[in-house]
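Step one of this worksheet: look at the structure below.
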Amino acid sequence: MNRPRPPSAAPRRVRGLVPFRLVPLSLALLGLASVLFVLRRPLMMSAPARMAGRWHGCLDTFNGVVLMTLVTLPLAALVAWALACWRRAAADGSAWRTSLAEVGMVHGTVPFVWLTMMPGSGAGTVPGRLSLVPLRDLPTMGLLGITGNLLVFAALGFFAPTRFAALASVPRVLALGAGCSVLVEAAQYVLRLDRVSSVDDVLVNATGAVLAGLASRRWWRTTAKTPSHGPGPARAATG
């Protein structure tokens, strides 16, 4: 006599997935709250000038760029939602993951690259400077400088392997972060932005990308395995 399967098994599994899906959102909100707490004074100093219509400094000062990045967060969320709806209409099972990864890569990387490309007071007149000895500039960066360099390509390292299965490995995330950092440092030197193009910046940028990639590994590892699911049964059927 066949015994029916208990009906409560499936609901338990679904209920167990709900808190897990809330983990990325909770971490994002916690990170945003931490950034706002640390930068509350500079942001409060910049906000009145923006509200008064004095927009000079929004894109050429650190405080202005950070403020504009936070202000455009709702727009980024709206774009991610629109992309996800469009993909769901096309029966894409990973619509939300793909859309969030694409928007997150852009919104989390462009402001930091913009900050690193801001010209100094001697831009155009001071020749480019190189520092190619590893770890020589690291002690002079300070905690704020090291933290900033870790964050430059952190969003790229976090979201890129989630979006592109070809990047879903630690060496490839490292190569992606290092390659992008080399391009930025080379641009600083060629454009004579009155900045020092340092190999230590490349090392710290790449490290930040890898650390962020490891933080999202639970999601991009499954993405990397997705293409291998299809051919398996086909080979078994033909064998």
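The values are calculated or read from the model by the stated rules, or taken from the named source; none is laboratory data. Quick caveat, the model's predicted, so the values are computed rather than measured. In this analysis, Cβ positions are derived from the backbone assuming ideal geometry, glycine residues included, and neighbour counts consider all displayed protein chains.
For the stretch 90-98, the criterion of being at pLDDT below 90, assigned to a helix (DSSP H, G or I), surrounded by 14 or more Cβ atoms within 10 Å (Cβ to Cβ) and hydroxyl-bearing (Ser, Thr, Tyr) is met by no residue. Within the set 135, 143, 156, 174, the sole residue that is within 24 Å of residue 197 (Cα to Cα), in a helix (DSSP H, G or I) and touching a residue at least 40 places away in the same chain (Cβ under 8 Å) turns out to be 156.
Only one of the listed residues (80, 84, 76) is assigned to a helix (DSSP H, G or I), among the small types (Gly, Ala, Ser) and more than 17 Å from the chain's Cα centre (by Cα). That residue is 84.
Working only within the stretch 188-223, note down all residues that are touching a Phe, Trp or Tyr at 6+ places or on another chain (Cβ under 7 Å) and touching a residue at least 60 places away in the same chain (Cβ under 8 Å). Don't jump to the end; show me each part of the working.
Kept after step one, since they are touching a Phe, Trp or Tyr at 6+ places or on another chain (Cβ under 7 Å), are these residues of the stretch 188-223: 197, 205, 208-209, 212-213, 215-216.
Matches in the stretch 188-223: 197 only.
Would you please name the residue that is surrounded by the most Cβ atoms within 10 Å (Cβ to Cβ), looking only at residues in the stretch 57-67 that are part of a helix (DSSP H, G or I) and more than 17 Å from the chain's Cα centre (by Cα)? For the stretch 57-67, the residue satisfying everything is 67.
Between 94, 131, which is among the small types (Gly, Ala, Ser), over 14 Å from the mean Cα position of the chain (by Cα) and within 29 Å of residue 190 (Cα to Cα)?
Answer to the check: 131.
Only a single item in (1) closer than 19 Å to residue 108 by Cβ; (2) out of contact with any Lys or Arg (no Cβ under 8 Å at 6 or more places or on another chain) is not met by residue 168, and it is number (2).
Determine whether residue 123 is farther than 20 Å from residue 167 by Cβ and not in a helix (DSSP H, G or I). The answer is yes for residue 123. Flag not set for residue 133, criterion: crowded, with 16+ Cβ neighbours inside 10 Å and of a type in the set (Val, Ile, Thr). Residues that are surrounded by 16 or more Cβ atoms within 10 Å (Cβ to Cβ) and of a type outside the set (A, V, I, L, M, F, W, C) within the stretch 106-124 comprise 107, 108, 109, 111, 116, listed in sequence order.
For the stretch 138-162, which residues satisfy the criterion of being surrounded by 22 or more Cβ atoms within 10 Å (Cβ to Cβ) and not aliphatic (A, V, I, L, M)? Write out each step before concluding.
At the first step, the residues of the stretch 138-162 found to be surrounded by 22 or more Cβ atoms within 10 Å (Cβ to Cβ) are 149, 152-162.
Selection gives 149, 153, 157, 158, 159, 161, 162.
Of the residues screened, residue 186 is not one that is touching a helix residue (DSSP H, G or I) at 6+ places or on another chain (Cβ under 9 Å), modelled with pLDDT of 95 or more and among the hydrophobic types (A, V, I, L, M, F, W, C).
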